[in-house]
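Note sheet for the following structure.
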Amino acid sequence: MDHFTYKDGVLHAEDVPLPAIAEAVGTPVYIYSRATFERHARVFRDGLSAIPDKHIAFAIKANPNLAVLNVLSREGYGADVVSGGEMARALAAGVPAKDIVFSGVGKSRGELAQGLDEGIGQFNIEHEPEGAALSEIALSRGLKAPATLRVNPDVDAGTHAKISTGMKENKFGVGIDSAPDIYGRLAKLSGLNLRGLAVHIGSQLFDLAPMEAAFERLGALVKQLRDSGHPITHVDLGGGLGIPYKAGEDHPPSPADYGAMVARVTRDWNVRLLFEPGRVIAGNAGVLLTQVLWVKPGASAPFVIVDAAMNDLARPAMYDAWHDFQPVQRTGERMTASIVGPVCESGDTFAIGREIEAVGPGDLAVFRTAGAYGATMASTYNSRALVPEVMVDGDQFAVVADRIPAGTIMAAERVPDWLR
Ligand code: LLP
């Protein structure tokens with residue numbers, strides 16, 4: 001459930017009519033609902049109520065806006081970060097360092113040192129040399145780095161290939177067969193407090209079975225490592241729970257279904273479980289508001305050309321992703337159209353021959369479910385501005401990220417003297 005609803009035929013975010021935001025900020029613009037973020041944070045936590053010892057770290061790659069992180073940190077969420085930049089954001093938003101977990105397949109030595117200096121709660125080691133480097137950097141500071149080893153369980157998550165991470169062909173983690181030996185060697189390093197395992201098999205998962213299979217494999221490894229004398233106290237189960245993108249049609253497992261499965265599989269593990277949800281918290285807490293520029297005849301269906309483009313919302317171009325499209329002002333009429341942006345690529349297409357509620361030039365409309373992997377993946381391709389973000393709270397709203405004009409980006413470039 002979210003807080004983007006029609007009132008008297010006009011789409012609102014909570015109590016704010018979207019035309020008011022378009023007028024104040026312009027379009028395209030991302031709009032977030034604070035109440036929806038809070039609701040999702042609580043529903044996810046409630047889904048895990050049968051799990052006694054847990055920590056939830058929001059995967060901030062899904063939405064790293066400082067205002068969003070502030071809202072989630074008030075809900076007791078920590079942060080899963082994958083770069084020094086994300087770590088700095090989590091800290092700036094008030095997430096306590098001990099609640100930050102550092103994932104990511106290519107952490108640099110500088111980033112590992114940054115994490116140690118900030119005193120973050122956990123490093124998820126992706127391979128043996130990274131673990132050795134972390135130990136060495138920790139020792140040089142007189143520290144012991146709290147760490148887990150990320151395991152690749154070789155399970156097909158059944159999602160889009162570009163967001164699958166748990167098959168042996170993928171770059172993530174160490175193969176589950178080599179994990180015991182690698183764990184044994186890393187556990188001997190005196191700069192590490194190696195205390196468990198981590199796994200994440202992919203994103204937008206609609207089937208709990210592959211996750212369950214991955215967790216079962218991890219459980220067997222926990223037992224094997226304990227039998228070899230390793231005290232295993234922490235297991236990080238990653239994120240990945242899917243969400244509905246097609247209203248009324250998509251029925252992913254609920255956080256309660258997910259929580260029940262996790263509780264069952266991990267019943268005897270006796271560890272602190274860590275969760276890294278991203279999309280399930282943020283996805284339906286945001287929309288991308290856009291304005292129709294033109295409607296142009298097409299071979300099979302007219303093109304609705306909107307002022308948002310693939311640089312603002314990359315998911316359709318990158319993953320053939322579906323985002324529901326709705327007019328802000330209900331018209332009650334239907335049309336079949338292809339929805340495209342102004343960027344000079346045929347890939348700048350949000351929908352092909354889709355039946356939608358009719359829109360015309362000048363109308364406002366939204367792409368739904370844009371709160372996760374939306375603004376954060378935006379670029380300035382075609383020298384377009386960087387898209388701004390707004391947060392709504394009841395009847396008030398605030399710009400929480402400015403529109404960065406193309407001119408500001410250009411001002412950071414220069415032509416060297418030797419070219420003049
Ligand atoms: N933990 C790790 C280690 C991850 O790699 C990810 C996502 C998550 C947690 C959060 O997963 P979630 O709960 O959001 O599924 N840009 C793509 C999604 C990439 C996901 C990458 N990793 C998209 O727009 O679909």
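The values are calculated or read from the model by the stated rules, or taken from the named source; none is laboratory data. Keep in mind that this is a model prediction, so the values were computed, not measured. Here Cβ is always computed from backbone atoms with ideal geometry, including for glycine, and neighbour counts include all displayed protein chains. Heavy atoms of the whole protein, side chains included, go into the accessibility calculation; ligands, DNA and RNA do not. Shrake-Rupley method; radii C 1.70, N 1.55, O 1.52, S 1.80 Å.
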Quiz item: Against the longest alpha carbon principal axis of the chain, how many degrees, from 0 to 90 and to the nearest 10, is the axis of helix 128-140 turned?
Solution: 80
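Just for segment 34-280, what percent of DSSP beta bridges are antiparallel, to the closest 5? Spell out each step's value before the answer.
Working: 1 of 30 bridges.
If we restrict to bridges inside segment 34-280, about 5 percent are antiparallel.
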Quiz item: Could you give the distance between the Cα centres of segment 1-54 and segment 160-202, to the whole Å?
Solution: 35
Quiz item: At a 1.4 Å probe radius, carbon and sulfur cover how many percent of the accessible area of the chain?
Solution: 52
Quiz item: What pairs from 7/54; 107/188; 98/171; 54/162; 54/171; 7/246 go past 31 Å between their alpha carbons?
Solution: 7/54
Exercise. Take the alpha-carbon centre of segment 67-101, take the same for segment 280-352, and report the distance between them in whole Å.
Key: 32
Quiz item: Using heavy-atom solvent-accessible surface (probe 1.4 Å) with all chains present, what is the largest-first order of 413, 345, 130?
Solution: 413, 345, 130
Exercise. Working with all protein chains in place, sort 409, 120 by solvent-accessible area computed with a 1.4 Å probe, largest first.
Key: 409, 120
Quiz item: For the modelled label position 7 Å from the Cα of residue 178 along Cα-to-Cβ, which residues of segment 138-163 have backbone nitrogen atoms closer than 14 Å?
Solution: 150-154
Practice problem: Quote the accessible area belonging to residue 127 in square angstrom, nearest 10, computed with a 1.4 Å probe and with ligands, DNA and RNA left uncounted. | Solution: 80
Practice problem: With a 1.4 Å probe and every protein chain left in place, tell me how much accessible area residue 99 has, in Å² to the nearest 10. | Solution: 30
Quiz item: Points 7 angstrom from Cα along the Cβ direction at residue 169 and residue 8: gap in nanometres?
Solution: 5.6
Practice problem: Just grab the label-to-label distance for residue 382 and residue 188, each label 7 Å out from Cα along the Cβ direction, in nm (one decimal). | Solution: 5.8
Quiz item: Of 6, 32, which has the most accessible area with a 1.4 Å probe, and how do the rest follow in descending order?
Solution: 6, 32
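Of all DSSP beta bridges in the chain, what percent run antiparallel (nearest 5)? Don't jump to the answer; show the numbers that get you there.
Details: 35 of 71 bridges.
If I count the DSSP bridges inside the chain, around 50 percent turn out antiparallel.
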Practice problem: Report, to the nearest 10°, how far helix 255-266 tilts away from the longest principal axis of the Cα atoms in the chain, using its own Cα long axis and a range of 0 to 90°. | Solution: 10
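Compute the Cα gyration tensor for segment 34-280, then decide on rounded, prolate or oblate, letting a ≥ b ≥ c be the square roots of its eigenvalues: rounded whenever a/c is under 1.5, prolate when a/b is larger than b/c in the other cases, and oblate in all that remain.
It is oblate, given that a/c is not under 1.5 and a/b is not larger than b/c.
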Quiz prompt | Rounded accessible area of residue 1 (nearest 10 Å², 1.4 Å probe) | solution = 130
Exercise. Using label points projected 7 Å from each Cα along Cα→Cβ, tell me how many nm separate residue 20 and residue 261, to one decimal.
Key: 4.1
Quiz item: Under a 1.4 Å probe, what is the accessible area of the chain per residue, stated in Å²?
Solution: 42
